[in-house]
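K.L.:
For reference, the structure I am asking about is given below.
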């Protein structure tokens, strides 16, 4: 069933069709009825998907250790900006560990939570202790000038942004739109590609297509990456997400693109299923994101699989001698969580950690020092 707000939006649109970016923006971010905005649990066993920070608090602990070292070894103010903090568990675990590792730094720390969903802000305020040094904002524009230096971190942010969809058939590129068919159901409709921004993105990145191939064009990602890169005056941008290199996009495995949904922990291939009740996501283009930040004055420190990054950052130090026969003990849970986060075949290693710096040059050495 099509929600009323979506049906009205499509019926009022030119040609009674929305491009996929418009459809995703409505389905995911409608102020009241969008998937991310409505009062519904999305993460964890009762939600639709799981994130690394929800596996175990060791994830936040590891980042806390790195942050403490970073702020001690640079002149960057102790400010952490998290964009799209979900249920707040990552912030809770990180802040709790910083307090244990370095109480004086914790007293000087400011944690900036940027979250568009009022529902998620309420969840975060319930999850994170009210005594924690956290300030909540609904956009980067609201954040005061003196907090624009620090470490800006996002976890599965860019993959959740709207994308356009194009397909190559009969020797020409077409854009794919969403409409309502005669049976009153959501359906796709293709039309000749006229969007100049899409054409420019394809030309700039020299993208090629095989017959029948679909591809997502992440114009919203590029726009928001530019906003972030211009907003952060100095410090580090840490992006945790999944995606592909341009050289991988020609693979036959990606002939149908990567746009898909997650509903009750099931992968849904049809992105038009469960409108506004399902998470929609697509793999980001690493090359484009890296180049965007580079052009804005950041240095690309590296892009690593999440498991490799965690090992390099010292996650194995948290493994404990497991003599406990109780599989539900905290020791057993932590050891299992670490293995889940670093194993080659784990879902965790679908994610990459991308690091960019401006006015500092510490993260490469921070990770190296943990390996010694």
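K.L.:
Output the number of residues of the range 181-224 satisfying the condition of being touching a residue at least 40 places away in the same chain (Cβ under 8 Å), in a loop (DSSP other than H, G, I, E, B) and at negative phi.
P.N.:
The qualifying residues number 10.
K.L.:
Is it the case that the range 197-218 has a residue that's surrounded by 15 or more Cβ atoms within 10 Å (Cβ to Cβ) and farther than 26 Å from residue 172 by Cα?
P.N.:
no
K.L.:
When you look at residue 173, is it modelled with pLDDT of 95 or more, assigned by TED's automatic domain parsing to the domain that holds residue 7 and either touching a strand residue (DSSP E or B) at 6+ places or on another chain (Cβ under 7 Å) or over 23 Å from residue 277 (Cα atoms) (or both), yes or no?
P.N.:
Numbers: modelled with pLDDT of 95 or more: yes; assigned by TED's automatic domain parsing to the domain that holds residue 7: yes; either touching a strand residue (DSSP E or B) at 6+ places or on another chain (Cβ under 7 Å) or over 23 Å from residue 277 (Cα atoms) (or both): yes.
Spelling it out, residue 173 is indeed modelled with pLDDT of 95 or more, assigned by TED's automatic domain parsing to the domain that holds residue 7 and either touching a strand residue (DSSP E or B) at 6+ places or on another chain (Cβ under 7 Å) or over 23 Å from residue 277 (Cα atoms) (or both).
K.L.:
Go through the range 351-364 and give me each residue that's outside any strand (DSSP E or B) and closer than 15 Å to residue 311 by Cα.
P.N.:
The first filter runs over the range 351-364 and keeps only residues outside any strand (DSSP E or B), leaving 351, 359-364.
Within the range 351-364, 351, 363, 364 meet the criteria.
K.L.:
Would it be correct to say that residue 137 is surrounded by 22 or more Cβ atoms within 10 Å (Cβ to Cβ), closer than 25 Å to residue 227 by Cα and either without any contact (Cβ under 8 Å) to a residue 12 or more places away in the chain or in contact with a strand residue (DSSP E or B) (Cβ under 8 Å, 6 or more places away or on another chain) (or both)? So that I can check it myself, show each step before the final result.
P.N.:
Details: surrounded by 22 or more Cβ atoms within 10 Å (Cβ to Cβ): no; closer than 25 Å to residue 227 by Cα: yes; either without any contact (Cβ under 8 Å) to a residue 12 or more places away in the chain or in contact with a strand residue (DSSP E or B) (Cβ under 8 Å, 6 or more places away or on another chain) (or both): yes.
Criteria not met by residue 137.
K.L.:
Additional query: Considering only the range 297-315, state which residues are surrounded by fewer than 18 Cβ atoms within 10 Å (Cβ to Cβ) and farther than 22 Å from residue 65 by Cα.
P.N.:
297, 299
K.L.:
Please work out which residue is nearest to residue 76 (Cα to Cα), limiting yourself to the range 108-132 and to residues that are touching a helix residue (DSSP H, G or I) at 6+ places or on another chain (Cβ under 8 Å) and outside any strand (DSSP E or B). Spell out the reasoning first.
P.N.:
Here is the first cut: in the range 108-132, the residues touching a helix residue (DSSP H, G or I) at 6+ places or on another chain (Cβ under 8 Å) are 109-116, 124, 127-129, 132.
In the following step, the residues that additionally are outside any strand (DSSP E or B) were identified as 109, 115-116, 124, 127-129, 132.
Details: 109: 11, 115: 23, 116: 26, 124: 26, 127: 28, 128: 24, 129: 25, 132: 20 Å.
Taking the candidates together, the pick is 109.
K.L.:
Would you tally the residues in the range 144-153 being in contact with a helix residue (DSSP H, G or I) (Cβ under 8 Å, 6 or more places away or on another chain) and surrounded by fewer than 21 Cβ atoms within 10 Å (Cβ to Cβ)?
P.N.:
Total satisfying the criteria: 1.
K.L.:
Scanning for something surrounded by 17 or more Cβ atoms within 10 Å (Cβ to Cβ), free of Cβ contacts under 8 Å to residues at least 40 places away in the same chain and in the same structural domain as residue 262 (by TED's automatic domain parsing), does the range 115-132 turn up at least one residue?
P.N.:
no
K.L.:
Out of (1) surrounded by fewer than 19 Cβ atoms within 10 Å (Cβ to Cβ); (2) modelled with pLDDT of 95 or more; (3) in contact with a strand residue (DSSP E or B) (Cβ under 6 Å, 6 or more places away or on another chain), the odd one out for residue 287 is which?
P.N.:
(3)
K.L.:
Kindly establish whether residue 228 is under 15 Å from the mean Cα position of the chain (by Cα), in the same structural domain as residue 351 (by TED's automatic domain parsing), in contact (Cβ under 8 Å) with a residue 24 or more places away in the chain and over 30 Å from residue 340 (Cα atoms). I'd like the intermediate steps shown before the answer.
P.N.:
Working: under 15 Å from the mean Cα position of the chain (by Cα): yes; in the same structural domain as residue 351 (by TED's automatic domain parsing): yes; in contact (Cβ under 8 Å) with a residue 24 or more places away in the chain: yes; over 30 Å from residue 340 (Cα atoms): yes.
In short, yes.
The values are calculated or read from the model by the stated rules, or taken from the named source; none is laboratory data. All values reported here derive from a predicted model rather than from experimental measurement. With ideal geometry, Cβ positions are generated from the backbone for all residues, glycine too; neighbour counts draw on all protein chains shown.
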